[in-house]
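What follows is one structure encoded as structure tokens, with my remarks underneath.
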Amino acid sequence: MTFMRRPYRPSVSSDKIVGTFWRVLNCTSLVLLISITACGQNGSPNSPAQATQASSQGSNLSTTTNISIEPKVIRSNVKRFGINLSGQSFYDSGIMMRNLAFRNPGFEGTIWQSVLQCKFVKGDSCADNDEWSFWPADFVKGGTFEFFYGAARGQKGAVTSSSPASGTLHQGVWINFGKLNVHPQVGDFYIVRKAMPGDALGGWWTDTHGGGTITTEFQDLPSGSAGKQALRLNASGAGQDATLTSGVDTFEGRSFVQLNGVYTVTFRAKGLGSSNRINVSVARLSQKYGVLTYLTHDIQLTSSWQDFKLPITVNERPNTIGPIHLIFNIHGGSALLDDVAFTETPAHDNPTAFRNAVVDRLRELRPGILRYMDNGANFGSSIDNLLAPPFARQRAGYSETSKDPGDIAIGLHEFMVLCQTVQAEPWFVVPVGLSTQETRNLVEYFAGPSTSPYGAKRTALGQAAPWTSVFPTIHLELGNETWNWNSFAGEGIPDPKAYATRVSDVFATARAAPFFDSSKFDLIMDGWFAVPWWNEQELAVQSHADTIDIAPYTFNPFDDASSSEAIFGPMFAEPEALDSRPTGVVVADAKLAQKAGVKLAVYEVNLGAYEGKIDQVALDSTIPSLGAGLSVADHMLLMLRDNGIISQAVFALPEYVNGFHNSANPNAGESVKLWGTVVDMGGQTNRVRPSFLSEKLANSAIADKMLLTVPSGSNPTWDQPDNGNAKVKLNGAHLIQSFAFTDGARCSVILFNLSRNAALPVTLSGPLVTRATQSNPVQVSRLTSAHINDTNELAQTVDIKHETLSDFDPARSYSLPPYSMTVLSWKVSGIHLTE
């Protein structure tokens, strides 16, 4: 099953229309398998011992639970948990690039790459069934096509015509392929690609008066320009005016970027008359302080292209809220404009194209993996386009739900530099339509010497050594949720064998490419978490993949907010149901992967609460809460411990708020503060959510080797009934969960107390556990708060607290507060581990 994730869009002034995008994720809660009554030993390497069963939480809490940390390694080569970059936005926490005018800074055109399926066939033409397609007549005429699955597999050529979709006939766009040697059949899949120059205004807001115009310039470009287009502003007639605006931080009522420090406006311009002047300004349209103008400059242009650089120093007052506008205005003249940037000065330790606050947050999180899929901006791109500098990068379209793609994608090289800077392995979502030659080029970019063509491209971008010498593993995933065709029409492949065949073609080419080293690459095939049958069909094809991935989102629907127990009981029980019981869906997916001889990875995970019957107050106090953060971290650690899933990435770093569907009141207009783990980065609060803190705390403890922990004694449980939330029922759900790690120099144990109302006592034992001393104290880090539904949305309420204990006695009862995550860490030496 799937669910819609529709980003909530802020309101902006009426002349600035904000686009929307749709996204579908796995809905774990709709899987009918989660009705579990088994309890006790779960068969995993780290299974809790058979526990005394409690009829409700709070029973059997008077005695202590002992956690024995054994010198037995149950998982090796463990990675710290990762995170998704999600995608850029110009309005909320997705403002990630140092160039705040990032949307289309070089005024370039578009390229298109879509995956389509023949649902209706007439001779050498076919149509899909997307009757809501936005594509007009001949939208892809003159483009190329390539069949990769079905009767017409291998056929290539030029599109001779295309016609719009027909809602009356319930048919999508008809594509005419000219004369084919083999007619396509219903079920065939193909890729269509087309370059679409022009439309230099994409990503910009424009305003003209008196007959002024703003158009694309193809011929007169600045010397050495990396791009193929510029912008022509024509307002030379009497009373004519032309204004070009780049706007960011447009979310109504709050700010996600506070301007503090030195910023520089750069651009290239040329006058087209003898007395042409262009005005450049930067202003904040503040709700509280009025229009705050940080730069206004009239520039006399010459008849030659010139480079301009205008530095400004800004120190905004706290909570300065309102859109930031970079504006170019001309009247009584004409000009050409290109290569615009409004850039934050990088910190001394920030070599990336990303904002300082973004880099700081990632360094704080210490993710083991960074996953890039840019929410669709890269799906229709080519490898060359993703390696092009921002001023030459084109916007790329893929979806039939649009005829005008939004912003340029984050560059692949920019992403790799970010990964290098924060010391995270790169996980790059490769466009599903890349060609055979592009596959070879991509491998060469990552692994080729600087003397090879794409190694030379990498070197020219600033990285001489192959990326394979920088990172232990580079993860390459072909497509993003390709099973999810309802949301990604034009990128999805709604047939498991067809997608696996595409994977096989691409990954076989990659493995045969010069410079490919199988020890350095992890080739990933999309899986569908909620439908193991789908994964089984994919795995039946020789895909040449190393890994299949899933997105085990939890806690959907959200129907009952009558009490903390009604909310957090199922939220805390569901991870154990999915990950640790024989009938769990993650367990089923792991068994399929193991049988096929591939690894299982988690490309996205978080709560998945997108629908239900509760009100806005309950949403605001639950979804970004401490309890939610604890549940996500527990889920990830259980998947690591009980299913061996090493590579996992939370969704996501940005995304402030999204839409919520109230099935009891569809017109309620509710929103949910999901999926972003930050409130903002360098904005008015610079706060993070508990989900960020729980991953940060887990990453502080995770080391190369995961050890066996064996609970004994009380080991209390509760029986979770199905109250509608998450559709989970679980008897014998454990209130204490334990996870231990060592790197040979330190040992750490992570302890969860999932009780909603009681502190629980524990003791530690085992050959790796010793009493604390002055020279070897126990470091304690704990995530909890006064209330389970505390959030950081309005104030810094939830945080990690640290203390040092030089008198810690592991044999003495140690109290874990309710709804808490605690890390205990100490030095070890001379340990002898068994695999």
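Couple of notes before you dig in:
- Annotation: extensible slack from Val186 through Thr345 equals 51.8 nm (criterion: 0.36 nm per residue apart, minus Cα-Cα distance).
- Normalised per residue, the volume of the convex hull around the Cα set of the stretch 448-488 (Å³): 104 Å³
- Legend: P(r) of the stretch 726-790 from all alpha carbon pair distances, 5 Å bins from 0, whole percents, reading 3, 10, 20, 21, 17, 13, 9, 4, 2, 1.
- Computed from the Cβ-Cβ distance with R0 of 35 Å, the FRET efficiency linking Thr296 to Asp220 stands at 0.80.
- Projecting the alpha carbon convex hull of the stretch 715-835 along each direction and taking the average yields 10.1 nm².
- Computed accessible area, Thr302, all protein chains, 1.4 angstrom probe, square angstrom: 60 Å²
- For the stretch 671-730 and the stretch 247-310, distance of Cα centres in Å: 43 Å
- The stretch 132-271: radius of gyration over Cα atoms, expressed as a fraction of 2.2 N^0.38 Å: 1.56
- Note on the stretch 639-726: along the principal axes its Cα atoms extend 50, 40, 23 Å, ordered by decreasing extent.
- Label-point separation in nm, Ser563 to Ala464, each point 7 Å along Cα→Cβ: 6.8 nm
- Helical content alone sets the calculated 222 nm signal of the chain at -5000 deg cm²/dmol, taking -39,500 (n - 2.57) per DSSP H segment of four or more residues and averaging over every residue.
- In order along the stretch 335-345, the phi-based Karplus estimate (6.51 cos²θ - 1.76 cosθ + 1.60, θ = phi - 60°) of 3J(HN,Hα) comes to 7, 10, 9, 7, 6, 9, 9, 10, 10, 6, 5 Hz; Gly and Pro are listed as x.
- Using a cutoff of 8 angstrom between alpha carbon atoms and counting only pairs six or more residues apart, the relative contact order for the chain works out to 18 percent.
- Among the listed pairs Lys119/Lys673; Lys309/Lys457; Lys520/Lys673; Lys497/Lys705; Lys673/Lys696; Lys72/Lys727, those beyond 29 Å (Cα-Cα): Lys119/Lys673; Lys520/Lys673; Lys497/Lys705; Lys72/Lys727
- Taking every Cα-Cα distance in the stretch 545-586 and sorting them into 5 Å bins from zero, the calculated P(r) comes out as 5, 19, 23, 21, 15, 9, 4, 3, 2, 0 percent.
- Computed over the chain, Cα set: Rg, Dmax in Å: 27.8, 90
- Rough spin-label spacing in nm, given labels placed 7 Å along Cα→Cβ, for Ser712 and Ser765: 0.4 nm
- Taken as entire DSSP H runs, the helices of the chain that both span 18 Å or more between Cα atoms along their own long axis and average 0.5 or more on the Kyte-Doolittle scale are 626-643.
- Proximity of backbone amide H atoms, modeled 1.01 Å from N, is registered between Ile111 and Met196, Arg395, Ala396, Gly397 at under 5 Å, excluding neighbours fewer than 5 places apart on the same chain.
- The stretch 365-410: mean projected area of Cα convex hull, nm²: 4.3 nm²
- Counting only protein heavy atoms and a probe of 1.4 Å, the accessible surface of the stretch 492-567 is 51% carbon and sulfur.
- Cα→Cβ-extended label distance, 7 Å offset, between Ser519 and Lys595, nm: 3.3 nm
- Theoretical gain in end-to-end length, Val617 to Thr773 [0.36 nm per residue, Cα-Cα removed]: 51.4 nm
- Gain upon complete extension [Arg317, Arg153; 0.36 nm per residue less C-alpha separation]: 52.9 nm
- Per-residue ³J(HN,Hα) for the stretch 138-150, Karplus 6.51 cos²θ - 1.76 cosθ + 1.60, θ = phi - 60°, Hz, x for Gly and Pro: 6, 4, 10, 4, x, x, 10, 10, 8, 7, 10, 8, x
- Take the chain with all the other protein chains still there, run a 1.4 Å probe, and you get 34 Å² of accessible area per residue.
- Computed from the C-beta positions of Asp404 and Gln437, the FRET efficiency with R₀ = 25 Å rounds to 0.35.
The values are calculated or read from the model by the stated rules, or taken from the named source; none is laboratory data. No experiment lies behind these values; they were computed from the predicted model shown. Note that we place each Cβ from the backbone using ideal geometry, even for glycine, and neighbour counts take in every protein chain shown. Accessible surface is based on the protein model in full, side chains and every heavy atom, while ligands, DNA and RNA are left aside. Shrake-Rupley method; radii C 1.70, N 1.55, O 1.52, S 1.80 Å.
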